[in-house]
There are 2 protein chains.
Amino acid sequence: MPYQTFDSAAAIAFAQSRGFLPQHAEVSCTEIGDGNLNLVFHLRAEGRGLIVKQALPYVRCVGESWPLTLDRARIEAETLLAHAKVAEPFVVKVLDFDPELYAMVQEDLSHLVLLRRRLIEGERVDGLSADLADYLAQSLYAYSDFALAGKEKKALVSQFSNPELCQITEDLFFTDPFREHERNDIFPATRPLAEELWQDVMLLDAVAELKARFLSCPQALLHGDVHSGSVFSGPGELKVIDAEFGFFGPMGFDVGSVIGNLLLAWCRHKCLGNQDYADWLEEECINFWQHFEDRFKTLLAGTEDLALASEGYQSRFINQVQKDALGYAGCELIRRTLGLAHVADIASLEGGQRTEAEKRALALGRSLILASQGTCDIGLVRRLLHPSPVRFAA
Amino acid sequence: MPYQTFDSAAAIAFAQSRGFLPQHAEVSCTEIGDGNLNLVFHLRAEGRGLIVKQALPYVRCVGESWPLTLDRARIEAETLLAHAKVAEPFVVKVLDFDPELYAMVQEDLSHLVLLRRRLIEGERVDGLSADLADYLAQSLYAYSDFALAGKEKKALVSQFSNPELCQITEDLFFTDPFREHERNDIFPATRPLAEELWQDVMLLDAVAELKARFLSCPQALLHGDVHSGSVFSGPGELKVIDAEFGFFGPMGFDVGSVIGNLLLAWCRHKCLGNQDYADWLEEECINFWQHFEDRFKTLLAGTEDLALASEGYQSRFINQVQKDALGYAGCELIRRTLGLAHVADIASLEGGQRTEAEKRALALGRSLILASQGTCDIGLVRRLLHPSPVRFAA
């Protein structure tokens, strides 16, 4: 069937034709897409729910003037299926995919809540850091040089070549926010800080290094956009969705996206005076890395590549992932403050509080990016969140 | 036409059908392939020469038990054409390519001599280091993130995905020579040194790092096998051939192959007592890097990527290419001594001289690989070739 944009009736007919709905059932359908790129229909029939998701040929929030490849629907379905193979509990189930309609059927997750909402509301999410760490450790390891033979990996790198979506990240994450650009969206009170940031030559050097690794370091099949709006959570459950940015890139990018989003929530709650919750976010950040590192090291011990089995190399590899993660977390903090796409954690704050939160996000982001180029580890996060006055010996 | 292996008559018919030979001319044809992977026919008619090169579906020197993709003929033709676009004077002309017969027509270079032969015979080759540096700087820059837009580069990375040939390098370059392996070919007198080398944990860590970068660092379209048997040379002329190992990898691999091959020749002449020629090789080695760095820096200044234009980043990038190059040069020295494929520079020496040359190659290779993991530059080569006794202050 040639591609055409679904309305509710078409979404229902699609799910029915694929055998996911009883033939004569009453079906309700609501379009719930709040992202920027897709139509998302929530179908309900006989007490059971389903999601039909279809890619639009343009960026939804901008309109038809910004065309975007439909192939991202294939990338999303294949990335989710690939990750589900090795980290099944943490990935939304893709039940079916139609490569001509660029539409897929997914399990209904409406009993869960977006992680970003929970973080904004100051809810402690049990097991959050461990689940995210397991998800990333298992899926990143399984599609790395440690686990795949050279031929197999190279075929996957081509299969998951995702130039158009990568370019969005290349531009919005690494280029625009670090200079004056029409796509930026800068809160007026924050502009002087932005202009100061753009003068920091060391920072720009470090961002270039991080961008270069994003471009040319296909370590593993990344989710590519694992921010807290791509994660659903509920009691004892965590599910990652929205993998259209999937591609082979540096592991630290996914790991850093998680850290960056926890720190964005931290900036919010710190400015709201919710110190206990801010402390919980800090702990989750550290726990997330520690858990990831432990799980990843365990998996590394099983590599069958004779050369890559060297322990010293593996330990340096993990250390580089950690440095990358801190750098990419820093970029996330800055691009969510100065770039096109803001997050409600900060953008929903009023006046002075927003200014204060953005100031924190920029300072934290800058320090993380600079630190990523030297010797650093996750403990840096703690030091940055609790700056103490410099003391000199008497 | 379905694939079949050419004999002389078929090679002539192929060139004729493509319009490269006069219809009724007398044509002479000699099979001159001395490599491991292909048939190479040298055709002559009416005083003009032509090369017809056809890929065999197996590794020639091993036989039909080691099958090998014919697709490498496409890779070779497309790599040579891509490099010729930006470094025309230094690349053999591909006049035609047939994707079904995996055969191509190339210009005749029989007026030139293989660089390895000149180096073995101790000839000084005018302009050698500058030509090789220009060839690599121009071709590596043009197919890097500095010069290509993200989409364009990602399409090329897939086009030049070369899993089977890369695997040969992954195995023979990085894995086998650093441990006991049936594919190794170790001169009896050298075996004790090999066994000592295999115990060096720091070395194995460094080799793992270099292998990982070979696997997952698509910085540019490499030649992939630019040893001195892939270079033809004559007065005022240098032509690179044999690009079937072309793929997107770390620039330092090609740069290091050149340095490694100059140093293999150095090991030969040092042991033969040809000190003047050894000194010339040393100078060429240093000049090659300096010239490459100068040329590459000039090209870098023209990048249109706003983020990658940062000067500090570019200087670190060049420095990393230099470190990689020294590391890969070290691997070349070791794999040509212990691995499957030796070079005549050393293997043609007799008894004690061969042992001495191999000892030098291993020591030099080891130092270069270890040094590549820290702070180092091309000056290291000079220090390694002229070890002076350690002096302590009185």
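Kindly evaluate residue A:213 against the criterion of being surrounded by fewer than 24 Cβ atoms within 10 Å (Cβ to Cβ), under 18 Å from residue B:313 (Cβ atoms) and of a type outside the set (A, V, I, L, M, F, W, C). Here the answer is yes, as residue A:213 does meet what is asked. Checking each residue in the range A:296-307 for being surrounded by 19 or more Cβ atoms within 10 Å (Cβ to Cβ) and touching a residue at least 24 places away in the same chain (Cβ under 8 Å) picks out A:296, A:300, A:305. Of the residues making up the range A:353-373, those that are among the small types (Gly, Ala, Ser), touching a residue at least 12 places away in the same chain (Cβ under 8 Å) and open to solvent by 30 Å² or more (accessible area, probe 1.4 Å) number 1. Just one of the listed residues (B:186, B:241) is open to solvent by less than 40 Å² (accessible area, probe 1.4 Å), hydrophobic (A, V, I, L, M, F, W, C), under 21 Å from the mean Cα position of the chain (by Cα) and at pLDDT 95 or above, and it is B:241. Considered as a group, the residues in the range B:146-161 that are of a type in the set (D, E, K, R) and surrounded by 19 or more Cβ atoms within 10 Å (Cβ to Cβ) include one that is farthest from the other protein chains (Cβ to nearest Cβ), and that residue is B:153. The residues of the range B:295-309 that are away from chain A (no Cβ under 14 Å) and part of a loop (DSSP other than H, G, I, E, B), listed by number, are B:301, B:302. Of the candidates A:249, A:330, A:312, the single residue that is in the same structural domain as residue A:122 (by TED's automatic domain parsing), over 22 Å from residue A:187 (Cα atoms) and surrounded by 24 or more Cβ atoms within 10 Å (Cβ to Cβ) is A:249. As a summary of the residue check, residue A:154 satisfies the conditions (1) in contact with a Phe, Trp or Tyr (Cβ under 9 Å, 6 or more places away or on another chain); (2) under 30 Å from residue A:350 (Cα atoms); (3) without any contact (Cβ under 8 Å) to a residue 24 or more places away in the chain except for the one numbered (2). Does residue B:113 meet the test of being farther than 23 Å from residue B:72 by Cβ and touching a residue at least 60 places away in the same chain (Cβ under 8 Å)? Yes: the conditions hold for residue B:113. Return yes or no: is residue B:30 touching a strand residue (DSSP E or B) at 6+ places or on another chain (Cβ under 8 Å), under 21 Å from residue B:245 (Cα atoms) and hydroxyl-bearing (Ser, Thr, Tyr)? It is false that residue B:30 is touching a strand residue (DSSP E or B) at 6+ places or on another chain (Cβ under 8 Å), under 21 Å from residue B:245 (Cα atoms) and hydroxyl-bearing (Ser, Thr, Tyr).
Number of residues in the range A:123-145 that are facing chain B (nearest Cβ under 9 Å) and within 25 Å of residue A:286 (Cβ to Cβ) equals 1. The set of residues in the range A:368-388 being at pLDDT below 90 and of a type in the set (Ser, Thr, Tyr) consists of A:375, A:388. Look through the range A:111-123, keep the residues that are in contact with a strand residue (DSSP E or B) (Cβ under 9 Å, 6 or more places away or on another chain) and buried (at least 20 other Cβ atoms within 10 Å of the Cβ), and return whichever of them is nearest to residue A:240 (Cα to Cα). This residue is A:115.
Per this entry, residue A:165 is counted among residues that are open to solvent by less than 30 Å² (accessible area, probe 1.4 Å), under 17 Å from residue A:74 (Cβ atoms) and more than 8 Å from every other protein chain (Cβ to nearest Cβ). With respect to the conditions (1) of a type outside the set (Phe, Trp, Tyr); (2) within 14 Å of chain A (Cβ to nearest Cβ); (3) open to solvent by less than 10 Å² (accessible area, probe 1.4 Å), residue B:337 lacks only one, and its number is (2). For the range B:325-347, filtering for residues that are over 25 Å from residue B:292 (Cα atoms) and acidic (Asp, Glu) leaves 0. Of the residues screened, residue A:126 is not one that is assigned by TED's automatic domain parsing to the domain that holds residue A:287 and buried (at least 21 other Cβ atoms within 10 Å of the Cβ). Scan the range A:270-280 and tell me whether some residue there is closer than 26 Å to residue A:208 by Cα and either at pLDDT below 95 or open to solvent by less than 40 Å² (accessible area, probe 1.4 Å) (or both). No, because not a single residue in the range A:270-280 is closer than 26 Å to residue A:208 by Cα and either at pLDDT below 95 or open to solvent by less than 40 Å² (accessible area, probe 1.4 Å) (or both). When the range B:188-229 is filtered for residues that are polar (S, T, N, Q) and without any contact (Cβ under 8 Å) to a residue 24 or more places away in the chain, the ones remaining, listed by number, are B:199, B:216.
The values are calculated or read from the model by the stated rules, or taken from the named source; none is laboratory data. Everything quoted here is computed from the prediction, not taken from an experiment. All Cβ positions, glycine included, derive from the backbone under ideal geometry; neighbour counts span all protein chains shown. Areas reflect the complete protein model, heavy atoms only, side chains present, ligands, DNA and RNA absent. Shrake-Rupley method; radii C 1.70, N 1.55, O 1.52, S 1.80 Å.
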